[in-house]
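In what follows, a single structure is set out as structure tokens and then discussed.
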């Protein structure tokens, strides 16, 4: 097994986000990546810097106009600083919320009709948890490169690879950022795996519904999306993640959501996981992407579930039992003191002690 991470991913250092009407301290801290890196190195798993793939692997995942916006937003925001003008904030954040329900059954909304950076910020940033700073684009892009490099490793070895993705990605839609996510690394990994495999499954086990990933693949039968998450009726992302959402058109039947009641413990989580794995096996995928979140942990500051550390070991065992080329993509998990132990437990299940670590 091999892991992938770029030091550029630490550069994204958000200063604020809105929570319950209050400007709050960010939870997506660079220290999250450092804690996970320490655990990988402690287990002797090689950590490799991914190649710079540029924007090419994002074709088919994100709209070009959206990528143009993300790449240019910080510089254009700074250009608002003019004598006598209102001083822009310390980060790019929206003050507009144009209506968009995010449902792929509806016609695609297309690029923002206005060239204004203010208008485009409201159009492409869905909430106030995605501030754009001077290094956000580079960090998010390199995060996707880690996922793509992990996919290439899995394709080459028919084994598993871990992408330490930060910032996270599964709330990023084809043309919209949200929930700390700017570019969808899990979707980029699945798209990359499709170069070698006819059918790929994405099994999301973060506490939050992988709404962006669902949106990207909702019309497709070649990538099945399954998501275990806390019931969204009273939890982010609120508007998607319900059991009746099954895909659309040619993708109908290839999207399955498993909303868990708030307070669900490890036993309930693992029982639901087994249900999802049955559906996954019926699909007969040739490769797997596992968006892995540790915000399901019982003491995570934004968790509403009660999953304990040992459940991650059992999760790893079940994933190993599938015998599929697998890309593990790190998503959430905001209790820095616990995420290292959670990753260690997961890896113990996925690649038990005594099993050789393949670095090739």
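Please treat every number below as a calculation from the coordinates, not as lab data. What you see is a predicted model, and the numbers here were worked out from it, not measured in a lab. In this analysis, Cβ positions are derived from the backbone assuming ideal geometry, glycine residues included, and neighbour counts consider all displayed protein chains.
For segment 1-138, what number results from the quotient of the Cα radius of gyration and 2.2 N^0.38 Å?
Working: Rg = 17.8 Å, N = 138, 2.2 N^0.38 = 14.3 Å.
Working it through for segment 1-138, the quotient is 1.24.
Any chance you could get the radius of gyration and Dmax over the Cα atoms of segment 264-360, in Å?
For segment 264-360, the Cα-based Rg and Dmax read 13.6, 39 Å.
When the chain is fully extended, how far beyond the present Cα-Cα distance does residue 195 get from residue 233, taking 0.36 nm per residue of separation?
Working: separation 38, 0.36 × 38 = 13.68 nm, distance 3.65 nm.
Contour length minus the Cα-Cα distance gives 10.0 nm.
Based on the alpha-carbon gyration tensor of segment 157-316, what equivalent-ellipsoid semi-axes (square roots of 5 times the eigenvalues) come out, in whole Å, largest first?
Details: eigenvalues 99, 60, 52 Å².
They are 22, 17, 16 Å, listed from largest to smallest.
For helix 30-42, report the angle its Cα long axis makes with the longest principal axis of the Cα atoms of the chain; keep it between 0 and 90° and round to the nearest 10°.
For helix 30-42, the angle is close to 20 degrees.
Could you compute Rg(Cα) / (2.2 N^0.38 Å) for segment 18-77, with N its residue count? Intermediate results must be reported in sequence, preceding the final value.
Working: Rg = 17.2 Å, N = 60, 2.2 N^0.38 = 10.4 Å.
Segment 18-77 yields a ratio of 1.65.
What is the calculated FRET efficiency for residue 114 to residue 267, with r their C-beta to C-beta distance and R₀ = 45 Å, to the nearest 0.05? Before the final figure, lay out the partial values.
Working: r = 51 Å, r/R0 = 1.13.
That gives a FRET efficiency of 0.30.
Any idea how far apart residue 135 and residue 75 come out in nm if each label point goes 7 Å out from Cα toward Cβ?
Going by the 7 Å Cα→Cβ label model, 1.9 nm.
Round to the nearest 0.05 the FRET efficiency obtained for residue 43 and residue 219 when R0 = 45 Å and r is the Cβ-Cβ distance.
Working: r = 39 Å, r/R0 = 0.87.
My answer for the efficiency is 0.70.
Treating the Cα atoms of segment 135-197 as identical point scatterers in vacuum, please give the log10 of the normalised Debye intensity I(q)/I(0) at q = 0.13 Å⁻¹, two decimals.
Relative scattering, expressed as log10 I(q)/I(0), comes to -0.32.
Quick one: compute the contact order of the chain, relative version, from alpha carbon pairs under 8 angstrom and 6+ residues apart, as a percent.
19 percent
Hey, can you rank 138-146, 342-350 by average C-beta count inside 10 Å, highest first?
Going from most to least packed, we get 138-146, 342-350.
Going by average Cβ density within 10 Å per residue, which order do the peptides 320-330, 296-306, 201-211, 34-44 take, highest to lowest?
Values: 320-330: 22.6, 296-306: 19.6, 201-211: 28.6, 34-44: 15.8.
Sorting 320-330, 296-306, 201-211, 34-44 by mean packing, highest first, produces 201-211, 320-330, 296-306, 34-44.
For the chain, what is the calculated [θ] at 222 nm in deg cm²/dmol (nearest 500), taking -39500 (n - 2.57) for each run of four or more DSSP H residues and dividing by its residue count? The partial results should precede the final answer.
Numbers: 9 runs with 121 residues, N = 360.
Per the formula, -10500 deg cm²/dmol.
Kirkwood Rh over Cα pairs of the chain into Stokes-Einstein at 4 °C, 1.567 mPa s: D in µm²/s? Kindly include the intermediate steps, with their values, before the conclusion.
Numbers: Rh = 20.2 Å.
Translational diffusion coefficient: 64 µm²/s.
Identify the residues of segment 123-154 with backbone N under 15 Å of a label point that sits 7 angstrom from the Cα of residue 24 along the Cα-to-Cβ direction, or state none.
Only 127-131 fall inside the zone, counting backbone N under 15 Å.
Cα centroid distance between segment 290-355 and segment 168-238, in Å?
Value for the Cα centre distance between the two parts: 18 Å.
DSSP beta bridges in the chain, what fraction antiparallel, as a percent rounded to 5? Write out the running numbers ahead of the final one.
Working: 6 of 37 bridges.
In the chain, approximately 15 percent of DSSP beta bridges are antiparallel ones.
For an R0 of 56 angstrom, estimate the FRET efficiency from the Cβ-Cβ distance between residue 341 and residue 99 and round to the nearest 0.05.
Numbers: r = 43 Å, r/R0 = 0.76.
With R0 = 56 Å, the Cβ-Cβ based efficiency is 0.85.
Obtain the nm distance between the two label points defined at residue 34 and residue 281 by a simple spin-label model: each point lies 7 Å from its Cα along the Cα-to-C-beta direction.
Result: 4.3 nm between the two label points.
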